[in-house]
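The values are calculated or read from the model by the stated rules, or taken from the named source; none is laboratory data. Keep in mind it's a predicted model, so treat the numbers as computed, not measured. Positions of Cβ are backbone-derived with ideal geometry, glycine not excepted, and every protein chain shown enters the neighbour counts. Accessible surface areas use protein heavy atoms only, side chains included; no ligands, DNA or RNA. Shrake-Rupley method; radii C 1.70, N 1.55, O 1.52, S 1.80 Å.
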Amino acid sequence: MPWRWLYTVPLRLRSLFRRAQVESDLEEELRFHLEQQIEDEIARGKSPQEARYTALRRMGGLEQRKEECRDTRHMNLIDNLMWDVRYAMRMLARSPGFTVVALLALALGIGANTAMYSIVHAVMFRPLEVRDPDRLVRVYESNRSRNLPAFSASVRNYLSWKEQAHSLDLAVFQGYAANWTQDGEPERLEGMAVSASFLPVLGMTARIGRWFHDEEERAGRHRVVVLSERLWAARFGRDPGVLGRKLFLNGEPYSVVGIASGGLTIPVAPDLWVPLVVDPDASRGNRQYTVIGRLRPGFTVQQAQAEMGSIAGSLERQFPESNNGWSVSIVPLMRWLVPAEIRTALLVLLGAVGMVLLIACANVANLLVARAEARRKELAIRAAMGAGASRISQQLLTESLLLSILGGAVGVAIGYSIVGVARRSLNELVPRANEISIDLTVLGFALSVSVITGLLFGLTPILQLGKMRNLDALHEAGRMSQPAARSRLRAMLVIAQLSLATLLLIGAGLLLQSFARLQNVSLGLDPGSVLTARISLPRARYADGEAVSAFLSRLTEELKSAPGVQAAGVSNAIPLGPGSTIAGTAVVVGAPDSALGQPVSLGWRSVDAGYFAALRIPLLRGRIFGWEDDTARRRVFVLSQQAALSLYGNSDPVGRQLRLNDAAGEVIGVVGDVRMKSLADPPERVVYLPISQGGRFAVFALFVKISSGSSAAAASLIRERLREIDSALPAYGFRTMSDWVGMSSARTRIRTWTLALLAAIALALGMIGIYGVLAYLVILRRHEFGVRLALGAPPGSLLRLVLGQGLGLAAIGIAIGLAGAVLLTRLLETLLFGVGTHDPMTFLGVAILLLAASLIACYAPARRAAGADPIAALRTE
């Protein structure tokens, strides 16, 4: 019966512990009796070696005596295991120095691997909380001739795809910004405008209430909203009565119809969702929407790609003015959510922490071999008393597994702390970073790593067991011989450590060089003392470009007149920040040279007169536009230097006519190039338009150049001036321009310093390993060194001998590591900037660093060898 089995478990465990205690006490008693026998034999005039040998033969096998004293013929596996664990804990407690060093090495290796695996698992491998996540795809528009392999989609093309596609269910969405006015105070909410098919495509349902209907995608019926579970809990206390409540978003009433599930975080976790009003008359050339799809049953990605390519070809023939050269590209949704750069960086770091763990295992294996060598007499005694090889192997393996599990427990604690820091640091840099945690899967990984590492380094002393069990160990007196096989084994472990350390150091060196060059690139602007903020202008009160321009003009003029403000300007996006240049096509009007009359793909931004002054973007030719250009009916452009070169070559573009998309205007100036996307990307070709001529944007970025005072004071000034002009508008997202520059390189900085830290740990472990090998070698050969000194050998020769052996091991390990780096550094190619994967200076610098560090590690054992006492060595003869 199960209940009887449960009842007897405590009794069985108590019996096992008692038997283990009896066995342990018995072994202590037998060993004490052995020592008494040896003393008696020595008293009879025998040498210590002969006395020990005679006593062992007289006492017989220890294992057999155990069986006799316990009046039993059977020791089951659990009995042995319990005794081995108890004995292993006692042995570890007797060697605190060894235990602490081994645990620290293992804890660092296992902790780093646990933390890194938790990050990789959460970001790359944990399934999305949707139905059949592997059936979800991202649908791009692509144009190979314009070097646009993956671009946003046109909403008109999306409608055509949805009508004609048989392999996919499609949904479309874009970002949405809402100013929520509650109790007279405006609050900024981040949301998404989505099609009614968005939730069905994901295979999810609303937590409470309902999702949108198809008819709510039309203007006039779109004022419904679904709240996120986070906003529902934070602002409404999870009150189900919120359904049907009116919320004023951007000055318009919206009715709450549902609460979304907490797992709805694709592609981000917004505060709310509203219906996307699809305009069937919108331009097909306006590509600014994100389209996702779900493969219908029986279809594959390849079949969907073929069908969508055929539909795109039909649309290209039907609408050549907007779809010429445009096709469709489909990729799995996870490949879009986690870009290739992030996947590569995470896998590189996962491989790096794996190397650190291997180095730690090699270090612990070296310690265990040295410890087993020190226990040769003990093992030989146990063998002489009857313990078989399997029994001794079981004991040694139990010790190594216990050590690795203890190291794993400490490593998991270290991993918890690392994961907490990583979740906070990576939240804005890595997708799904908020899901990083140590769950059961990660704990299972940590346990597996602990057991595997215990087996890995625990097998090393077991392989030497046969040589440790022979009776020669009983005949050793004051001197110690040098076991060549074990010395070779320890040397091989050190070579492996240094090879892996070389790989990590070269990778870290390449990334450090890349990061240093990235920090020195020319931005094209001056980020110093510039505060940025974002403002969302509701369409209900700011319906056209002139109303927007008038509001922004008043705001910037009042800010510029305030004390401590040097310049103020606005744009539809922040350089190196959120938003990007909008793709367009420009053609020179009336170009006499046919080469200059070809269409050029570039981007455009909408800015005001103070934008260039606030960011110190230099004017190279002509002039920049002022507010008078906003009110003028003629269209004007300011070009970046790269855009001017692409369109007009070396000729002066000022005063020339240019057609951007479907609108023609005059070029009035040329400004310097600015890095818009990231520090690693080259400056874009950009056309700047006045605010009133750049179209209707929902969100604008404000730039304030501060001449005195703090950023906090400037932020208060912006809020005050904004409240005076329109009290319903909140300013949010305050950051200095230097912060945006830092965030642009944050991913590079984190992966660079993480790999550098791992390389430093690997270097330290490698140096400890080579020091340990040489120190042990000196102990083994102290008799030889003493004899050499007694025969007249100069101490310097012994110093050179030991240094030569240590540096020889280091040179072999470094050479192997350099050869491996030639092959493996190719994996870093996409992560580097301005430096090659086989940079000779990095390879040479790492080799010199490792040789210098090895020399320092070798020097102390070499000095100890040169200072050996010849008198003590001769006394042992």
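Summary of values
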| quantity | calculated |
| --- | --- |
| Gain on full stretching of the segment that runs from Asn650 to Glu720 - 0.36 nm per residue minus C-alpha separation | 20.5 nm |
| Order by protection proxy (mean Cβ within 10 Å, highest first), peptides 339-350, 740-751, 767-778 | 767-778, 740-751, 339-350 |
| Charge context of Thr441, other residues only, Cβ under 13 angstrom, K/R +1, D/E -1 | -1 |
| Neighbour net charge for Trp232 - beta-carbon separation under 13 angstrom, K R +1, D E -1 | +2 |
| Ala562 paired with Ala219, simple spin-label distance in nm, labels 7 Å along Cα-to-beta-carbon | 3.5 nm |
| Å² of accessible area per residue within region 204-252, as computed with a 1.4 Å probe and no ligands counted | 55 Å² |
| Where region 642-729 is the region considered: accessible area per residue in Å², 1.4 Å probe | 39 Å² |
| Calculated FRET value between Ser738 and Ile856, using beta carbons and R₀ = 35 Å, to 0.05 | 0.30 |
| Mean Cα-pair separation over length for region 229-348, i.e. relative contact order, pairs under 8 Å, 6 or more apart, % | 16 percent |
| Gain on full stretching of the segment that runs from Ser95 to Ile452 - 0.36 nm per residue minus C-alpha separation | 126.2 nm |
| Among Tyr776, Pro690, Ile718 the positive-end extreme of the charge dipole of region 648-781 (Cβ point charges) | Tyr776 |
| Theoretical FRET efficiency, 1/(1+(r/R0)^6), r = Cβ-Cβ of Glu546 and Ala413, R0 51 Å, to 0.05 | 0.25 |
| Carbon and sulfur %, accessible surface of region 736-788 computed with the full protein complex present, 1.4 Å | 71 percent |
| Local net charge near Ser261, Cβ-Cβ under 15 Å (Lys/Arg +1, Asp/Glu -1) | +1 |
| Accessible-area value, Arg675, 1.4 Å probe, nucleic acids and ligands omitted, Å² | 30 Å² |
| Gain upon complete extension [Ala340, Arg488; 0.36 nm per residue less C-alpha separation] | 49.0 nm |
| Average accessible area per residue (Å²) across region 111-156 - probe 1.4 Å, nucleic acids and ligands excluded | 40 Å² |
